[in-house]
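The values are calculated or read from the model by the stated rules, or taken from the named source; none is laboratory data. What you see is a predicted model, and the numbers here were worked out from it, not measured in a lab. Positions of Cβ are backbone-derived with ideal geometry, glycine not excepted, and every protein chain shown enters the neighbour counts.
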Ligand code: SF4
Ligand code: SF4
Ligand code: SF4
């Protein structure tokens, strides 16, 4: 690998631009915090190798050819980098394939076992900017919110890809990992008591998580138990935004980097792909306020009855089960306001990249 000439100052800028060209983006700040993050995660040599990767799984031979260096050394470096959570690794039979990883969801989440206060501080400075600069402007979001199925009113239709239980039952490989958002907040003294095992990965992502020691494999039955524990705690379900999601996160408004940041905005509902909204039956409501306490988006105010601010409601449905008076339910949005997720995450990423003018 010493054949690679590394300009240590410039390589991190190049890597930042490279990551920004991926669908979810990695925009440049005036402060340069994103470069500080990259310096903490990548050595200059690793940054050089990461620059040669695309968001397509490829064998080490092909990447070595692009880098114009010897295969064995590149293969060893790729293997080590994928173990460190800097790039993604998939397997085809016995062959390892490597591809670029986005910063979020990706490199950051792969560091769940490798956090320190300085890195957490930089990432917490950077993520609100990333969210406002890329996520906010994209029509196709990387994650969507699906409802608590039992909260949906009986007359409303619900698609299988909107039912967490159905998504989980359809998987042949499931790994559950600790929630990095809760873990990093805990490490800086601001954590919450919500369940820590909250991030499910499926398929190739699950194998990667398991091999890298980021989570543990669970049966569909155990995954359903963990799901119901998360729902009992009032967590919001955020799968990746496709009809075949590769993960489901169970999130809280205090720690989740997406929810806690969109909550600060005036219209969180416009920042999320969701097909439902909460509706109060004023005849039944006794204004107890339990639903307002549960809502992670501060979407409910209680006067003579509860009322829902539709510009804040993300249709998660976690408020519904706490109403003991059957005064709350989720309704499906009008067809024009609904979003059908892309069939696969490859299509989701293609749409995101197109919307950002990257392809
Ligand atoms: S997105 Fe949600 S479940 Fe995933 S790590 Fe963040 S808070 Fe935890
Ligand atoms: S009111 Fe709050 S808890 Fe209820 S569905 Fe809307 S965002 Fe979720
Ligand atoms: S929990 Fe039910 S009864 Fe209580 S304020 Fe909310 S909608 Fe009304």
Hits in region 171-223 (condition: touching a helix residue (DSSP H, G or I) at 6+ places or on another chain (Cβ under 6 Å), over 23 Å from residue 84 (Cβ atoms) and in a helix (DSSP H, G or I)): 220, 223
Output for region 44-64, where each listed residue is touching a helix residue (DSSP H, G or I) at 6+ places or on another chain (Cβ under 8 Å) and within 17 Å of residue 95 (Cβ to Cβ): 53, 60, 61, 63, 64
Number of positions in region 76-120 that are farther than 22 Å from residue 134 by Cα and more than 16 Å from the chain's Cα centre (by Cα): 25
Residue check, residue 148 away from ligand 3 (no atom under 16 Å from the Cβ), farther than 30 Å from residue 32 by Cα and either modelled with pLDDT under 95 or not assigned by TED's automatic domain parsing to the domain that holds residue 48 (or both): no
Criterion violated by residue 280 - all others in (1) buried (at least 16 other Cβ atoms within 10 Å of the Cβ); (2) within 30 Å of residue 17 (Cβ to Cβ) satisfied: (2)
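Could you grab me the full set of residues in region 175-191 that are more than 19 Å from residue 226 (Cβ to Cβ) and buried (at least 17 other Cβ atoms within 10 Å of the Cβ)? Break it down stepwise before answering.
Narrowing region 175-191 to residues more than 19 Å from residue 226 (Cβ to Cβ): 184-185, 187-190.
Within region 175-191, 184, 185 meet the criteria.
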Per-region count, region 274-301, residues within 16 Å of ligand 1 (Cβ to nearest atom) and touching a helix residue (DSSP H, G or I) at 6+ places or on another chain (Cβ under 7 Å): 2
